[in-house]
Every structure is written in C-alpha cells, then in structure tokens.
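Worksheet: one structure, shown below.
Please treat every number below as a calculation from the coordinates, not as lab data. It should be emphasised that the depicted structure is a prediction, and the values quoted were computed from it without experimental measurement. Cβ coordinates were reconstructed from backbone atoms using ideal geometry, including for glycine residues, and neighbour counts include every protein chain displayed.
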C-alpha cells in the first residue's frame, strides 16, 4: 500500500493496523540536538488515548511509546527516529460475525474492491487507531517548533452534531473529555453523548485548530501552498470529510470589503483568511476547521451486502466512539504540527538569508 508518508524535508512514514501487534512511525529530517525523550511524546498520546472516558471507545490501550533510534544521550542525532506503540487490547472476535459483510459508510467495500481482500478486524489500516503513530510524530514537531520559534498549536471541539461550541477558554479544552473550550456547554455535551450511546448511534463533529506564533513566509505560491498542504494533511485523518481555512465556506457570501483583512501599523484588523495569503503564512494565527463524519460502526441495524453481493443486514457491536471528534483534536493538532515543521525546514533551506525591510505585524490581541 503506497501513500504512507507525509512531508518533504520532515517526513513521517507510518505503519501498522488496528488489530496488528503494533503501530509505529519513521520520522526523518528532524534536526540534530533537540532534547527528546519518550515522556515528551507521551503527553500527546495521552490526549488521544481511548478508554479514558465513558464517552469514547472503551478499548484499554496504554499507548506507551518507545523510541527505537535517532536518539543518543537524550538528543536527536539527525538520523531517522523510529517510534513504536504496542497494541495490547485487541478484541478481534467482535468482528468475526461481520467479517463477510460490509459496514455501510466504512472503508470495507472500497478496500475489498481495491485489494481483493481486507483485514476486517477493526478496519485494519482504515481504523483511527493508526493515528497513534502520527500523534507521536507530531509531538516531536511540537517540541521543536515551541523551543525554536515559540510556536504553539492547540485545538478544541467546535461542533458536535447540532451543538455549536465557542472558544471561550482555549486552555480549558484540555480539562474535559470533550476538548470543549466552552465550560458552560460541558453538561449539555455529556447528556447528548450519553443519549447517543444509549441509542447505539453516532454523530459527526467539527474540530478547530489554532496555530499561534507562526512566522510569516511559510509556504509557496503554487502547488506547495501552506493552506493546500494543511488541507491535504487534515483530509488524511480517518473520517475527515471537509477542511476550512479561516472563514472557510462562509467566504462565498462575503463581500470583498468585508472579507479583506486590512493592515495597519498596529496589526491586521481581522483574520478572515485564517493566517495565509496567497498560500504563504501571514504571521497571523492559523485557523483550521475539520469536519468529521459520524462513526460508521453503530448498533442501529442497516442494509448491506455480503462478499458474494447478496443482500444482508448488519449491526456492529464492540467498542466504538459515538463521536470521533472527541478524540480528533490531538490528531488534528499533530497533522498541523507536521505540516508546519516541514514547511519551516523548507523555508529555512531556501530563504534563511532573506531580510525584509517591512516590519512584521500580527493579529491584535
């Protein structure tokens, strides 16, 4: 299977399946000298780990990451960094009774038609379980960009089903199982998600990720645009169906006089463009929204076909998320971090000596 690598200078190649022995990543291109330990990566993995709340999958995985290479005396050597996370709580028997049927809305049918057979245990490579590897790799980028540039990336759940959620206190999104940055809505979400689980159903979600301290100049004017690479990365997340930068689809009903982000000596007056201009970072906050479809593995009976094309009914039991958006925040953060890390190294390689006479302006706070 091709398509397992992202990046040009900072590259990440992942491997593994939902019910295989382990998942992992090879991270190449990390500059030497970065102090790095397994504990530095573990914090991000804890944020996406299942079984930490009753509102997510109850699969109990410790998700302990091991660094296999690329580190000497606590620092990166500049060579490939090998990461591995063992799977310890597979329950493949949950899929035995549906192994010859296709779950509607899942990758089952497409995988069968492409490869001629498939790993039916948890979806194999199409499972969100594989994002353990990208989150671990993203933690390396997070540490480097924070120490080198003061750049931070943080996300929150901005919609769950019909409920839109504001960013009232971004830091508080780390203090609840929903990654909700609107503390007054937590009780509402808890009740809503609990009812979904009782119904055996699922719902879609929208996640918003903010990149702050991004220097101007990252990206290219054409095919390697920063926003294009961000969209490419986000659409590589399981269940992602749409990506918006800044105001996103809302720009279709805006006037130019409304949308343009005017410049003053004190900074930009708005950020409708979401931190990119012409495919290049403006120095403003990067604002990225990702919409996720409802989980396809649900207990509501549905029509399908079997391997021979005969009509069948399907009910998916086992351990599944009623809303994948609840654990998508650290995954979307990781993907943005990987893109920013790659583009920073590419910018450094070409334009490190460039000096602009125009002062840098940012968003007014």
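Summary of values
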| read-out | value |
| --- | --- |
| Residue 164 versus residue 112: modelled label distance in nm, points set 7 Å from Cα along the beta carbon direction | 4.0 |
| Sorted by Cβ neighbour density within 10 Å, fewest at the top, the residues 263, 83, 277 | 263, 277, 83 |
| FRET efficiency, 1/(1 + (r/R0)^6) with R0 25 Å, evaluated for residue 361 and residue 249 via beta carbons | 0.35 |
| Stretchable slack from residue 88 to residue 277, in nm (0.36 nm times residue separation minus alpha-carbon distance) | 63.5 nm |
| FRET efficiency estimate (nearest 0.05) - Cβ-Cβ, residue 315 to residue 232, R0 25 angstrom | 0.10 |
| Gain upon complete extension [residue 175, residue 187; 0.36 nm per residue less C-alpha separation] | 3.0 nm |
| Theoretical ellipticity at 222 nm over the chain - DSSP helices of four or more residues, -39500 (n - 2.57) apiece, nearest 500 | -8000 deg cm²/dmol |
| Distance from the stretch 172-234 to the stretch 303-365 (C-alpha centre basis), Å | 10 |
| Neighbour-count ranking [beta-carbon atoms within 10 angstrom, fewest first] of 341, 335, 222 | 222, 341, 335 |
| Neighbour-count order for 167, 253, fewest beta carbons within 10 angstrom listed first | 253, 167 |
| Full-extension gain in nm, residue 195 to residue 79, via 0.36 nm per residue minus C-alpha separation | 36.9 nm |
| Helix 131-149 vs. the chain, principal-axis angle (Cα, 0 to 90°, nearest 10) | 10 |
| Nearest-0.05 FRET efficiency for residue 353 and residue 212, computed from C-beta distance (R0 22 Å) | 0.25 |
